[in-house]
Amino acid sequence: MNRAPGTHNGATMSRAQFLRLGGLTAAGVAAPGFLSGCSAFTGQSSEPGDDATASGRLTMMISPEQTTGLEEIFDAFESETGITLERGSAPVDSLNEQLRIQITSGTAKDMFRSAPGGSVPSAQLVLGREGSLRDLSDQPWAGDVPDAFGPLLKDGDALYGFPISRAAIVIVYNKAVFSDLGAEPPTTWSEFLAVGDELKAADITPITFGLGNIAYIQFMPYALVCSLVNRVTPDIDEQLAAGTATFSDTPGWREALEKFKLLIDEYTDASPLGIPNDQAMQAVARGDAGMIPIISSNFPIIEEFVDNAEEELGAFVMPATDNPDDTWVPSSPDSLSVNADAANPEAALQLLEFLARPEHVTSYNERTQSFPGLVGNEVIETIIGRAVAPYLDAQRAAPYANHPWPNGEVQQTFMQTGQQYVEGSVSLDELLGAMDDAYAKGSE
């Protein structure tokens, strides 16, 4: 039975419920396998032989988050062009897995969400290099792709993704809790710890992580790594790929994970691995916890737990040093790709050009609390936008740490061994060493 995205078992769901069902993914982070989700597909079926034709039908498979932002734009496209969009939606982890199978079997849709970089077997650079994606470098919007996205979307001069938006990792906080303590959003690491100490003294959990969902273990470390590694060593990914650097011998990685462990030991819940993300978000909404790190595209979920998000919630970029100018924000694109064997490539390209219109970029960003994926579009005025825009404007941003990695094993190793690091059963050296071993496998 086919159901429209936004329904489940015939019942209408809220936007937040829909996102939770979809696996709470980012962009990015998170994202190409950035968060785990259920494996069931929603939307149109994908039966062999049921491909699109060149007579005005375009098939696609995208993420639930993208669906949230694109539904109204898709309706407008159909009205303007007469092209029928057959829309399917799948949680990102499921989509990543199934896309690889569908590409191999020749049953992939005309257009689909594909992870940036090369961190999973169905990521854009992997599929592009094997000839499975159409080169989009000749499209009118291609010159507006930010240079920072090049390593994730381009192979030489070839462009394999349309960046529909970008997301960021931020800290969301409860405004009333901060106000009652006379606290301001911290701009340095020491200020962050000082706020944490004030919250502890008030018997409020300073920061909750939602580590009951394994993917959430990445958010704080990646936020710290952006300032401690990417800012200091902009070519760290090139060095890792060349074998001239490792995680173990990169001081910023060591410092980031030491600081993460300090927060685990001193400033969070007693059993952090047992608290799922939605429970953690509700704790912040109620004021039982002060802060939580999230991907900006997940903000609509925590927004559902309060009456007035503008009055009750705030956001800031995580500081990692005692110099505010050192703070960078992790930000990666969420993008669409076109099948090299698409039955209706003209319609796919026409849709991408339609999505690139400034009014549609803005509409999408408003509905998803995301940021423009193409230059020349202003960041909209939102809770997240106010926090992140100054960093994007100053180009103090770098992709999520996992996106440039050569395989998915590094990310899986970080999440799984990272849980043991949180509980204290493995050391920092063991965690970094395991990541080095996983990276080496993808570089062979």
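The values are calculated or read from the model by the stated rules, or taken from the named source; none is laboratory data. Quantities reported herein were computed from a predicted structural model and do not represent experimental measurements. Glycine also receives a Cβ, built like all others from the backbone with ideal geometry; neighbour counts cover every protein chain displayed.
Taking the conditions exactly as written (closer than 23 Å to S137 by Cα, crowded, with 19+ Cβ neighbours inside 10 Å and over 16 Å from the mean Cα position of the chain (by Cα)), does A342 satisfy them or not? Don't jump to the end; show me each part of the working.
Details: closer than 23 Å to S137 by Cα: yes; crowded, with 19+ Cβ neighbours inside 10 Å: yes; over 16 Å from the mean Cα position of the chain (by Cα): yes.
Yes: the conditions hold for A342.
Residues that are surrounded by fewer than 23 Cβ atoms within 10 Å (Cβ to Cβ) and in a loop (DSSP other than H, G, I, E, B) were ranked within segment 380-403; the one that is modelled with the lowest pLDDT is I380.
Being β-branched (V, I, T) and touching a helix residue (DSSP H, G or I) at 6+ places or on another chain (Cβ under 8 Å) is the filter here; which residues of segment 236-274 pass it? Break it down into steps so the answer makes sense when it comes.
Taking segment 236-274 as the starting set, the residues that turn out to be β-branched (V, I, T) are 236, 244, 246, 250, 264, 268.
Scanning segment 236-274 gives I236, T246, T250, I264.
Scanning segment 224-254 for residues that are out of contact with any Asp or Glu (no Cβ under 8 Å at 6 or more places or on another chain), closer than 23 Å to Q395 by Cβ and hydroxyl-bearing (S, T, Y) yields T233, T250.
Residues of segment 270-296 that are crowded, with 24+ Cβ neighbours inside 10 Å and of a type in the set (G, A, S): A280, A289, G290, S296. Being aromatic (F, W, Y) and farther than 20 Å from W189 by Cα is a property that F260 lacks. Restricted to strands (runs of 3 or more DSSP E) entirely inside segment 75-190, those with at least 3 residues that are among the hydrophobic types (A, V, I, L, M, F, W, C) and modelled with pLDDT of 95 or more are 162-174. Contact map, segment 169-190: residues that are in the same structural domain as I294 (by TED's automatic domain parsing) and over 16 Å from I294 (Cα atoms) paired with residues that are of a type in the set (S, T, N, Q) and at pLDDT 95 or above, Cβ distance under 6 Å, separation 6+ or inter-chain. Pairs shown: W189/T321.
Among the residues of segment 306-320, count how many are crowded, with 17+ Cβ neighbours inside 10 Å and either assigned by TED's automatic domain parsing to the domain that holds I62 or not small (G, A, S) (or both). Can you show your working first?
Step one: list which residues in segment 306-320 are crowded, with 17+ Cβ neighbours inside 10 Å, which gives 306, 309, 312-320.
Checking which are either assigned by TED's automatic domain parsing to the domain that holds I62 or not small (G, A, S) (or both) leaves us with 306, 312-313, 316-319.
So the count comes out to 7.
Among the residues making up segment 376-403, a single one is over 18 Å from D147 (Cα atoms) and of a type in the set (D, E): E381.
Taking the conditions exactly as written (of a type outside the set (K, R), surrounded by 16 or more Cβ atoms within 10 Å (Cβ to Cβ), modelled with pLDDT under 95 and not in a helix (DSSP H, G or I)), does N377 satisfy them or not? Taking the combined requirement at face value, the residue satisfies it.
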